[in-house]
Amino acid sequence: MDNPPSVDGLRGGAANALPVTRPSAGRRQSLRLWLPYLCLVPAIIASCGVLLYPTLRMFQYSFLNWSFGKSYETAKWDGLANYQWLITSQSSTLFHSLRLTLLYAGASIVCELVLGLAIAVLLNRRHVFGRQVVLTGFMIPTLLMPVMVGMMWRMYMYPNGMLSYFLGLVGIKIDWYTATWAMPAVILIEIWQFTPFFVISLFAGLRAISAEILEAAAIDGASGWYRFWHISMPYLRPIIVVTSMIRVLWILKSFDIVYTMFTGGPGSATEILGISIYRALFLSRNIGRSAALSVILAALTLLVTFAFVRFAYRSREVMESATP
Amino acid sequence: MNEQHNQTGIRRKWRRGLDTLAGSLVVWIIFLLFLAPYLYLIVWSFKYPGDIQAYPPRFFSPFTLLNYKQVFEDVNISFYLRNSTIVATVTTLLSVLLALPAAYSFARFRFWGQDWLAYLLIAIMVAPLIALVYPFLVMANQLGLNDSHLGLILFYLPWNVPFAVWMLRTFISDVPQELEESAQADGCTRLGAFGRITAPLLLPGFFTTGIFIFIGAWNEFVIAFFLTSTKARTLPTTIDFFLTYGSFQFAPMFAAGVVGTLPIAVCALLVRRYYLAGTTAGALKG
């Protein structure tokens, strides 16, 4: 088995290259040896200590036949029945949720990327009035409370809300609260909230490309498009991949906005994985199935994270130079 | 000849100026479009309920604090604000405090299993919140921590401590180790060297890490929603009031939205230099 990417792979790293002074002897030496581990104890206890028990429980519950609200004594060991049901049953929403999550991630990330890149390039022109103000302002949507964002858009998307009014001005009439338009509505909100994230990271990437290279290419007669595709784009590629992966992680675990907007409905039109877990637990009152879905979600998240860490390790030089 | 050259120069300058103006204009129009929904929320929260729900929207209407009065008096939002502040502040302080030794260890030592331990921390950090809600409920009931500040804080730690380790590690790495070593050579203990030399230089690091944890805990909905009912309810969970009581209430919702999000918008201004570092590390947080 090969080594994991080193810790300093992800950020910084200069410090670890420095030599550690040789230990002297005796007790001091054993302290030297144990000090790094002793330092980790509070953090490990605070995170593992709290999480270990619930995680093991989650695994255990996923093998049980147990209804929500009934006592633990009524739970029966059911083997892999929950997983089998999720995969084979007609009424299982697992694949529906996975498809929705894929659509959700794909559509929103592509739109965010295209829009974000366009805005970043515009922002990177030689002179832009109030560039810093724009950049700072763009940070606001991403940091806002997701629940409030969902609430806010819920108000705007009502038939007599603000969005409906402005769309009406250009002659578009959409009822967002239908099975067809619910998912596009969620994606639209997502695009609103996270395009600025792409703008900021891509702008940082564009800034890091040295002006001399671009000027030299311009003197050699390269057109603007040529410079963009053949000099800027290869440089931005790792940043695009890392930013998109971050978004995939966010979308996998998203719950708040969809919950406040539609609670998974109408029907199961917006039943992404997180909502499925919630529904299996509180509507179908089936703890086992909910836990099995949780295990699947956790596994997916770990998989994407692993890919993310590996990739971030490989592209670390670029990422570091791009972080302002 | 010379005059003609001068004229083309002036024309070019004009064209460049126009170009800048047009570019800036496009950027600002897009920017304002993006901010519009939030600005709308703020402006509309100062209108009378009748004007808020009017269709087509009334852009110019009398100013009032009625909605805020309602939110603070009828819904008693200051109670939830207080809960949110307590939980977010204690989570922030505890996370940074517990994470500091580990961050120091990762930044300053080279030890066996370092990479795997870092992986473990990341794996903990990505655990999806919604997946653990039921086990958390069971655990909170067993420990008697249901609907308490302590319970919420305890369940926020597993996500925020690894995040703080990750962030602080970077900031500690940025302080040259030679500074500490020379202090130790002058007779300081390792702890003394850290406290006197490195810690003061870490203030921006503490501040940034703290703000990001604070924002996360302030915005957190899932755990707060399922694990609190009356005593420890935080601000994000109060949206339920506006959803379920009778018909959907617009007017107080606007005011509550502003009360809940304005502190965060201010935080955004405070951390703007470290926004990318924070969001990239925070991306992993469940």
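Laboratory data are not the source of any read-out in this text; all were calculated from the coordinates shown. These numbers come from a predicted model, not from an experiment. No Cβ is skipped: glycine too gets one built from the backbone with ideal geometry, and neighbour counts run over all protein chains shown.
Odds and ends about this structure:
- B:Leu93 versus B:Glu181: modelled label distance in nm, points set 7 Å from Cα along the beta carbon direction: 3.7
- With a 10 Å cut-off around each Cβ of B:110-118, the average count of Cβ atoms from other chains is 6.
- The equivalent ellipsoid that matches the C-alpha gyration tensor of the protein assembly as shown spans semi-axes of 38, 37, 24 angstrom, in descending order.
- FRET E, pair A:Trp181, B:Asp19, Förster distance 56 Å, beta-carbon r, rounded to 0.05: 0.90
- Taking only the C-alpha atoms of region A:92-322, Rg followed by Dmax gives 20.3, 69 Å.
- With at most 14 other Cβ atoms within 10 Å, longest stretch of chain B clear of loop chymotrypsin sites (Phe, Trp or Tyr not before Pro) (DSSP): B:113-244
- Efficiency of FRET from Cβ geometry, A:Leu302 and A:Tyr226, R₀ 30 Å, rounded to 0.05: 0.15
- Whole-Å distance, taken between Cα centres, linking region B:112-191 and region A:179-230: 34
- Here the dipole of the protein assembly as shown is about 340 debye; that uses its Cα centre as origin and unit charges on the Cβ of Lys and Arg (positive) and Asp and Glu (negative).
- Calculated on alpha-carbon atoms, Rg and Dmax of region B:87-139 in Å: 14.3, 39
- Average beta-carbon neighbours from other chains, 10 Å sphere, peptide A:50-59: 6
- Simple spin-label estimate for B:Leu201 and B:Arg12 gives 4.7 nm between the two label positions (7 Å along the Cα-to-Cβ direction from each Cα).
- Dipole size of chain B about its Cα centre, with +1 on Lys/Arg Cβ and -1 on Asp/Glu Cβ: approximately 680 debye, rounded to the nearest 20.
- Membrane-span-like helices in chain A, defined purely by DSSP H runs whose alpha carbon atoms cover 27 Å or more axially and whose average Kyte-Doolittle hydropathy reaches -1.0, are A:26-44, A:94-123, A:179-208, A:233-252, A:287-314.
- Peptides A:245-255, A:205-215 ranked from most to least packed give A:245-255, A:205-215, packing being the mean of other C-beta atoms within 10 angstrom over each peptide's residues.
- Span-like helix ranges in chain B, DSSP H, alpha carbon extent 18 angstrom or more, Kyte mean at least 1.6: B:250-270
- Model label sites at B:Leu191 and A:Leu102, defined 7 Å from Cα along the beta-carbon direction, differ in position by 5.6 nm.
- CD proxy at 222 nm, helix term only [per DSSP H run n ≥ 4: -39500 (n - 2.57); per residue of the protein assembly as shown; nearest 500]: -23000 deg cm²/dmol
- Three-way shape call for region B:169-245 based on the alpha-carbon gyration tensor, with the a/c threshold at 1.5: prolate
- Shielding score for A:272-279, defined as the mean number of other chain Cβ atoms within 10 Å: 3
- Each listed q (0.07 Å⁻¹) maps to a log10 I(q)/I(0) for region B:68-282, found by the Debye formula over equal Cα scatterers with no solvent: -0.27.
- Calculated FRET efficiency for the pair A:Ser30/A:Lys76, C-beta based, R₀ 45 Å, to 0.05: 0.30
- Calculated SAXS-style log₁₀ I(q)/I(0) at q = 0.19, 0.22, 0.28 Å⁻¹ - region B:2-67, Debye, Cα scatterers: -0.80, -0.90, -1.10
- Scoring A:167-175, A:116-124, A:95-103 by mean Cβ neighbours within 10 Å over their residues and listing the highest first yields A:116-124, A:95-103, A:167-175.
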